[in-house]
Amino acid sequence: MPSDYAFVGLFLVFGVAFVLFVFLLSKLIAPYKPNPVKKENYECGEVPIGQGWVQFNVRYYLFAIIFVIFDVEVVFLFPWAVVYKSLGFFAFIEMLIFIAILIFGLVYVWRKGALKWV
Amino acid sequence: MDLSLIDINWQVITPQIILAVFGFVLLLLEAFLPKDKKGILPHLAWIGIALSFFFSVNLFGSGFSGFNGMALADNFALFFSFIFLISSFLVVLLSISFLKREEQVRGDYYALLLFATLGMMLMASSFDLIVIFLGLEIVSVSLYILSGFRKKDPKSNEASMKFFLMGSFATSFLIFGIALIYGNFGTTNLEKILFLAPFSGVFAGASEFLLYAGIGFLIVGFGFKIASVPFHMWMPDVFEGAPTPIAGFISAGPKAAGFAALLRIFLLAFSSIKPDWTLIFWILAVLSMTTGNLLALWQTNLKRLLAYSSIAHGGYILIAFVSGSNSAISGVLFYLSAYILMNLGAFAVIISMGSKEKEGTDLYKEYAGAGLKNPFLGVFMAIFMLSLAGFPPTAGFFAKFYIFSSAIKSGYLGLVIIAVINSLISVYYYLRVIVYMFMRPSAEEVKPVSIPFSLGLVILLTGIGILALGILPQELLNLAYNSIF
């Protein structure tokens, strides 16, 4: 089984090497013609206001965390939905409990006013 | 895949389910109850704990298991459940008047307490490293939040932040250790590892090194949770900053849970390769005892003093891992039962001595002569300190006695001599508290304090418990002996 770990080691080496290689490659072959529009911050196509180095409101953090909860929920829901028929009724109940627990969390967060932008 | 093949046995985890349900109810009530009705929340919390305790008692002796060994209700797990539930119950009682004083009567505090207890029970009641890890994370995350519960106090914030950063760092060690052990045996089930461990060198070839690396990582990860030296740095700072009931809670339940998991992993799953890891525990035990006791000598803040004393007590318990006999394991169970009583009792006295403005932790200013002005607190603090120092006829004496005698029987005389010398050192700082309370002229600001009912109840219960265990230790010892895995 040391050979099994050798795969992991090889993977690590190749992973790092590949990233370095790609960076180097794009540096070598890409043309470099900057203009003001290209150097602007990317804000989903909007015309950016001010600099990129601004302090973000800490409130974003709370929203990000709450978003992650539901993101993870989807990670569980998709595989469950794919094999739903073979899992049967029991898994359905389990999933309901799981979602109910998340909804408890949402209700708590909502009621505590964490979803309000003040 | 057919789910009906998995052996699901809901009965096994009823105590845990009750805690979870009560936790959710507390969260929802916190969100919806008007402010003036929140006084009922702590009562709901202790009712939940009592119900869970009742169901655990019912399961005792059944030896049920479920979820393919991921959840157990053997006596070992249930004995630890009793320890966790009793300590959480006492902490809820400690918190009632404390939170009222801080004007922070909140349901989420109690919900987090219940979730932490649930996590500890998972840690003690599983044969699976992944479930143990999961339980440990539930405990840790709850405690990170709870230790920062006094949001406006910078020290509380500091405690929470330090605890979080160091705790998550230690957890990464733990999970890496689990990964290496899985790589070695192809399973995270401790029962299977028990059978595979003696042959680790035989069919795994050169990977024995990885097994030992994995064991080392596990010791680092759990060493942090039980605050053994050199992984103890967080404990004094967290104790000083965290709300006092939470500091008491951290020293009692989570520590016991760490020992429960360690006992199961090392004295069960890795028992066949014990000679390979005994020396590590020998060193950890000596370092923890000596460092904890020597640093405690200089403390004038009572919470910090109890933190270092807690580290030292962790060292005494680690002796049992070196000797590893059955009587040592039952000694650990006895020790932890006694320890939660004396420590939570001492914390109850600290909370009674404090007020909204001051914490009641300064030995010189707040405790000088306080024993004469508050005889009830003084007498019981003396009992707790004597028990922590290990004087008969208190529970602390028998706790130490059983662990030391089992180590002598296993032939570790040198270790026991070091432990006894350490006990002697510790007498100095425990007795100093009593000396200050009774034999020093009192400072001006020391006044008689009125003790809320719930706090007085905790002090009385723990005090009586310590004396009862010290005079009649046999009952609990028999129970502990029947609870070995």
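Is there a residue being out of contact with any Gly (no Cβ under 7 Å at 6 or more places or on another chain) and surrounded by 24 or more Cβ atoms within 10 Å (Cβ to Cβ) anywhere in the stretch B:200-220?
Taking every residue of the stretch B:200-220 in turn, none turns out to be out of contact with any Gly (no Cβ under 7 Å at 6 or more places or on another chain) and surrounded by 24 or more Cβ atoms within 10 Å (Cβ to Cβ).
Based on what the data block shows, is B:PRO473 of a type outside the set (Phe, Trp, Tyr) and crowded, with 20+ Cβ neighbours inside 10 Å?
Numbers: of a type outside the set (Phe, Trp, Tyr): yes; crowded, with 20+ Cβ neighbours inside 10 Å: yes.
So B:PRO473 fits the description; yes.
Taking the stretch B:135-164 on its own, how many of its residues are over 16 Å from the mean Cα position of the chain (by Cα) and assigned to a helix (DSSP H, G or I)? Even if it seems obvious, please write down each step before you answer.
Keep residues of the stretch B:135-164 that are over 16 Å from the mean Cα position of the chain (by Cα), which gives B:145, B:148-162, B:164.
If we keep only those that are assigned to a helix (DSSP H, G or I) as well, we get B:145, B:154-162, B:164.
The number of residues fulfilling the criteria is 11.
Please specify each residue of the stretch B:356-413 satisfying the condition of being more than 15 Å from B:TYR316 (Cα to Cα), free of Cβ contacts under 8 Å to residues at least 12 places away in the same chain and of a type in the set (A, V, I, L, M).
The answer is B:VAL379, and nothing else.
Every residue, every condition in (1) surrounded by 24 or more Cβ atoms within 10 Å (Cβ to Cβ); (2) of a type in the set (Phe, Trp, Tyr); (3) free of Cβ contacts under 8 Å to residues at least 40 places away in the same chain, yes or no:
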{"residue": "B:ARG304", "(1), (2), (3)": "no, no, no"}
{"residue": "B:SER310", "(1), (2), (3)": "yes, no, no"}
{"residue": "B:ILE319", "(1), (2), (3)": "yes, no, no"}
{"residue": "B:LEU336", "(1), (2), (3)": "yes, no, no"}
{"residue": "B:ILE340", "(1), (2), (3)": "yes, no, no"}
{"residue": "B:PHE347", "(1), (2), (3)": "yes, yes, no"}
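Quick check, is B:GLU475 modelled with pLDDT under 90 and among the charged types (D, E, K, R)?
Numbers: modelled with pLDDT under 90: no; among the charged types (D, E, K, R): yes.
So B:GLU475 does not fit the description; no.
Does B:PRO275 satisfy the condition of being more than 14 Å from chain A (Cβ to nearest Cβ), part of a helix (DSSP H, G or I), out of contact with any helix residue (DSSP H, G or I) (no Cβ under 9 Å at 6 or more places or on another chain) and of a type outside the set (Lys, Arg)? Talk me through it step by step, then tell me what you get.
Numbers: more than 14 Å from chain A (Cβ to nearest Cβ): yes; part of a helix (DSSP H, G or I): yes; out of contact with any helix residue (DSSP H, G or I) (no Cβ under 9 Å at 6 or more places or on another chain): yes; of a type outside the set (Lys, Arg): yes.
In short, yes.
Check off (1) within 14 Å of chain A (Cβ to nearest Cβ); (2) over 16 Å from B:GLY119 (Cβ atoms); (3) touching a residue at least 40 places away in the same chain (Cβ under 8 Å) for B:GLY66 and give me the number that stays unchecked.
Status for B:GLY66: all satisfied but (1).
What single numbered condition from (1) within 14 Å of another protein chain (Cβ to nearest Cβ); (2) over 21 Å from the mean Cα position of the chain (by Cα); (3) under 27 Å from B:PHE115 (Cα atoms) fails to hold for A:GLY105?
So A:GLY105 meets the others, but not (2).
Kindly indicate whether B:LEU129 is among the hydrophobic types (A, V, I, L, M, F, W, C) and closer than 24 Å to A:TYR5 by Cβ.
Details: among the hydrophobic types (A, V, I, L, M, F, W, C): yes; closer than 24 Å to A:TYR5 by Cβ: yes.
Yes.
From the residues in the stretch A:1-55 that are under 29 Å from the mean Cα position of the chain (by Cα) and within 14 Å of chain B (Cβ to nearest Cβ), which one is modelled with the lowest pLDDT?
Within the stretch A:1-55, the match that is modelled with the lowest pLDDT is A:TYR5.
On the given criteria, is B:ILE86 surrounded by fewer than 23 Cβ atoms within 10 Å (Cβ to Cβ), of a type in the set (Val, Ile, Thr) and either assigned to a helix (DSSP H, G or I) or at pLDDT 90 or above (or both)?
Working: surrounded by fewer than 23 Cβ atoms within 10 Å (Cβ to Cβ): yes; of a type in the set (Val, Ile, Thr): yes; either assigned to a helix (DSSP H, G or I) or at pLDDT 90 or above (or both): yes.
So B:ILE86 passes the test.
Could we say that B:GLY354 is buried (at least 24 other Cβ atoms within 10 Å of the Cβ), among the small types (Gly, Ala, Ser), over 30 Å from B:VAL286 (Cα atoms) and in contact with a helix residue (DSSP H, G or I) (Cβ under 8 Å, 6 or more places away or on another chain) here?
Numbers: buried (at least 24 other Cβ atoms within 10 Å of the Cβ): no; among the small types (Gly, Ala, Ser): yes; over 30 Å from B:VAL286 (Cα atoms): yes; in contact with a helix residue (DSSP H, G or I) (Cβ under 8 Å, 6 or more places away or on another chain): yes.
When the stated conditions are applied, B:GLY354 does not pass them.
State whether the residues of the stretch B:68-84 include one that is farther than 30 Å from B:VAL349 by Cβ and over 26 Å from the mean Cα position of the chain (by Cα).
Looking for residues that are farther than 30 Å from B:VAL349 by Cβ and over 26 Å from the mean Cα position of the chain (by Cα), one finds at least one in the stretch B:68-84, hence yes.
For B:THR187, all conditions in the list (1) outside any loop (DSSP other than H, G, I, E, B); (2) without any contact (Cβ under 8 Å) to a residue 12 or more places away in the chain; (3) among the hydroxyl-bearing types (Ser, Thr, Tyr) hold save one; what is the number of the exception?
That leaves (1) as the condition not met.
Could you list, in sequence order, the residues of the stretch A:80-102 that are within 24 Å of the chain's Cα centre (by Cα) and at the interface with chain B (Cβ under 10 Å from one of its Cβ atoms)? Show your work before the answer.
In the first step, residues of the stretch A:80-102 are kept if they are within 24 Å of the chain's Cα centre (by Cα); the result is A:80-82, A:95, A:98-102.
Residues satisfying the conditions are A:ALA100, A:ILE101.
Pull out all pairs, ordered by first then second residue, where Cβ-Cβ is under 7 Å, the residues are six or more apart or on different chains, the first lies in the stretch B:10-34 and is under 23 Å from B:PHE54 (Cα atoms) and more than 14 Å from chain A (Cβ to nearest Cβ), and the second is assigned to a helix (DSSP H, G or I) and among the small types (Gly, Ala, Ser).
That search, which allows pairs on different chains as well, returns B:PRO15/B:SER52; B:PRO15/B:SER56; B:PRO15/B:SER81; B:ILE18/B:GLY48; B:ILE18/B:SER52.
So which of B:ILE246, B:ILE273, B:ILE265 ends up being within 29 Å of B:ILE351 (Cα to Cα) and either modelled with pLDDT under 95 or surrounded by 24 or more Cβ atoms within 10 Å (Cβ to Cβ) (or both)? So that I can check it myself, show each step before the final result.
Working: B:ILE273 fails: within 29 Å of B:ILE351 (Cα to Cα); B:ILE265 fails: within 29 Å of B:ILE351 (Cα to Cα).
Being within 29 Å of B:ILE351 (Cα to Cα) and either modelled with pLDDT under 95 or surrounded by 24 or more Cβ atoms within 10 Å (Cβ to Cβ) (or both) holds for just one of B:ILE246, B:ILE273, B:ILE265, which is B:ILE246.
Is there a residue being closer than 26 Å to B:PHE76 by Cβ and among the β-branched types (Val, Ile, Thr) anywhere in the stretch B:231-242?
Among the residues of the stretch B:231-242, not one is closer than 26 Å to B:PHE76 by Cβ and among the β-branched types (Val, Ile, Thr), which makes the answer no.
Given the options B:SER172, B:SER95, name the one that is buried (at least 24 other Cβ atoms within 10 Å of the Cβ) and either under 20 Å from the mean Cα position of the chain (by Cα) or part of a helix (DSSP H, G or I) (or both).
Numbers: B:SER172 fails: buried (at least 24 other Cβ atoms within 10 Å of the Cβ).
Every option except B:SER95 fails the conditions.
If a residue counts only when it is surrounded by 11 or more Cβ atoms within 10 Å (Cβ to Cβ), which helices (runs of 4 or more DSSP H) contained entirely in chain A have at least 1 such residues?
Result: A:2-29, A:59-82, A:84-87, A:89-111.
Inspect the stretch B:388-411 for any residue being assigned to a helix (DSSP H, G or I) and farther than 22 Å from B:ALA256 by Cα and give the result as yes or no. So that I can check it myself, show each step before the final result.
Kept after step one, since they are assigned to a helix (DSSP H, G or I), are these residues of the stretch B:388-411: B:388-389, B:395-409.
Within this subset, residues satisfying the condition of being farther than 22 Å from B:ALA256 by Cα are B:408-409.
Yes, there is a match, as at least one residue in the stretch B:388-411 is assigned to a helix (DSSP H, G or I) and farther than 22 Å from B:ALA256 by Cα.
The values are calculated or read from the model by the stated rules, or taken from the named source; none is laboratory data. All figures in this text were calculated on a predicted structure; none of them were measured in a lab. Neighbour counts run over all protein chains shown; Cβ positions are idealised from the backbone, glycine included.
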